[in-house]
1. Would it be correct to say that R47 is in contact with a Gly (Cβ under 6 Å, 6 or more places away or on another chain), over 23 Å from R19 (Cβ atoms) and not in a helix (DSSP H, G or I)?
2. Cβ contacts < 6 Å: first residue under 14 Å from D50 (Cβ atoms) and β-branched (V, I, T), restricted to region 88-112; second residue in a strand (DSSP E or B) and at pLDDT 95 or above, any location; separation 6+ or different chain. Result?
3. Of the residues E255, E202, which single one is farther than 26 Å from A39 by Cβ and open to solvent by 60 Å² or more (accessible area, probe 1.4 Å)?
4. Run down H260, H264 and say which single residue is open to solvent by 40 Å² or more (accessible area, probe 1.4 Å), in contact with a Gly (Cβ under 8 Å, 6 or more places away or on another chain), closer than 28 Å to I38 by Cβ and not charged (D, E, K, R).
5. Any residue that is open to solvent by less than 70 Å² (accessible area, probe 1.4 Å) and at pLDDT 75 or above - is there at least one of those in region 152-161?
6. Please list, ordered by first then second residue, the pairs with beta carbon atoms under 8 Å, 6 or more apart or interchain, first in region 230-252 and free of Cβ contacts under 8 Å to residues at least 60 places away in the same chain, second open to solvent by less than 80 Å² (accessible area, probe 1.4 Å) and of a type in the set (K, R).
7. For region 52-68, state whether one or more residues are part of a helix (DSSP H, G or I) and small (G, A, S).
8. Any residue at all in region 7-17 that is in contact with a strand residue (DSSP E or B) (Cβ under 7 Å, 6 or more places away or on another chain) and either surrounded by 21 or more Cβ atoms within 10 Å (Cβ to Cβ) or free of Cβ contacts under 8 Å to residues at least 12 places away in the same chain (or both)?
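The values are calculated or read from the model by the stated rules, or taken from the named source; none is laboratory data. Please read these numbers as outputs of a predicted model, since none were measured by experiment. Cβ: placed from backbone, ideal geometry, glycine included. Neighbour counts: every protein chain shown. All accessible areas refer to the heavy atoms of the entire protein, side chains included, with ligands and DNA or RNA removed. Shrake-Rupley method; radii C 1.70, N 1.55, O 1.52, S 1.80 Å.
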Amino acid sequence: MHVMESINRQTWRNPWALRDYRRSSGYLNEGERAAFTIAAPRVGRGRILDIGVGGGRTAQLLRDFASDYVGVDYTPEMVALCRKNHSDLLFEHMDARDLSAFRDASFDMVVFSYNGIDSVDAAGRLAILREAARVLASGGAFVFSTFHRGWRGFDDRVDYPRLEWTSNPVRLGLRTLRYVEGRISGTLRQRRLRPLEERDGEHAILLHGAHDFGVMVYATTPAQVRSQLADAGFAMPVLLLDLEGKPIGAVASPEQEYFHVVAHKPGL
């Protein structure tokens, strides 16, 4: 297991992270809304595989156009949370690098939202792309989001303060405690994890400020995304959207933290 994955798995099991995922709902931004709309089954409802479900945010969004829905996550605590939040849907503990539980062409749409595909190393990422292509039916869509390697935030070390105001003194006290704890742990993690970054060659693994600098992510470029998808067997061209839902060309802006991807498996 790559060191980045050990770090990320530990973060996903943190009670604060589980709390954040439990509270999340709706679309992240207009880019995600556009990507889901474009990729949704064109006729009727389709079979949908939702990877890296977290607390089940996307389950609520996808169920409206799913004839069959399956959500998977490699963190047992997240699977348990989804089953609690959406007791009428099917969730399984599963790693996206190995979807052998599903036969070829089992789904019309595969989703891996919130940059979840970036939580594993380069070899794991390529395995996920191949598996997504395998389980998709002809003409099916794979939707995911991925961090932009050229985002200025990776160099500026953008921080993410978490103190939220409330007039309730008890809640404010707890939030203040969480804020102070996060600032301290985030500073310590930056010192410990920065030396583990990989910036050489095609693959970049970088420290991200989410969860108080608790995750390391695979970051990429539009050109590299298109190349990897082509190698995995997806049809060209691939659609890349910014967070506002506007198409991205060959180069993304340094202001662009991540982008959404819609790729289709070749039709019959």
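1. Details: in contact with a Gly (Cβ under 6 Å, 6 or more places away or on another chain): no; over 23 Å from R19 (Cβ atoms): yes; not in a helix (DSSP H, G or I): yes.
So R47 does not fit the description; no.
2. Pairs found: V110/L49; V110/L136; V110/F142; V111/D50; V111/V143.
3. On the way: E255 fails: farther than 26 Å from A39 by Cβ.
Going through E255, E202 in turn, the sole match is E202.
4. Working: H260 fails: open to solvent by 40 Å² or more (accessible area, probe 1.4 Å).
Selected residue: H264, the only one of H260, H264 that is open to solvent by 40 Å² or more (accessible area, probe 1.4 Å), in contact with a Gly (Cβ under 8 Å, 6 or more places away or on another chain), closer than 28 Å to I38 by Cβ and not charged (D, E, K, R).
5. Step one: list which residues in region 152-161 are open to solvent by less than 70 Å² (accessible area, probe 1.4 Å), which gives 153-154, 157-159.
Retained after the next criterion (residues that are at pLDDT 75 or above): 153-154.
Yes.
6. These pairs meet every condition: A235/K265; M236/R226; P237/R226; V238/R226; L240/R226.
7. Within region 52-68, the first condition is being part of a helix (DSSP H, G or I), and the residues that meet it are 57-65.
If we keep only those that are small (G, A, S) as well, we get 59.
Within region 52-68, one or more residues are part of a helix (DSSP H, G or I) and small (G, A, S).
8. Narrowing region 7-17 to residues in contact with a strand residue (DSSP E or B) (Cβ under 7 Å, 6 or more places away or on another chain): 7-8, 11.
From the residues that got through so far, the ones that are either surrounded by 21 or more Cβ atoms within 10 Å (Cβ to Cβ) or free of Cβ contacts under 8 Å to residues at least 12 places away in the same chain (or both) too are 8.
Among the residues of region 7-17, at least one is in contact with a strand residue (DSSP E or B) (Cβ under 7 Å, 6 or more places away or on another chain) and either surrounded by 21 or more Cβ atoms within 10 Å (Cβ to Cβ) or free of Cβ contacts under 8 Å to residues at least 12 places away in the same chain (or both), which makes the answer yes.
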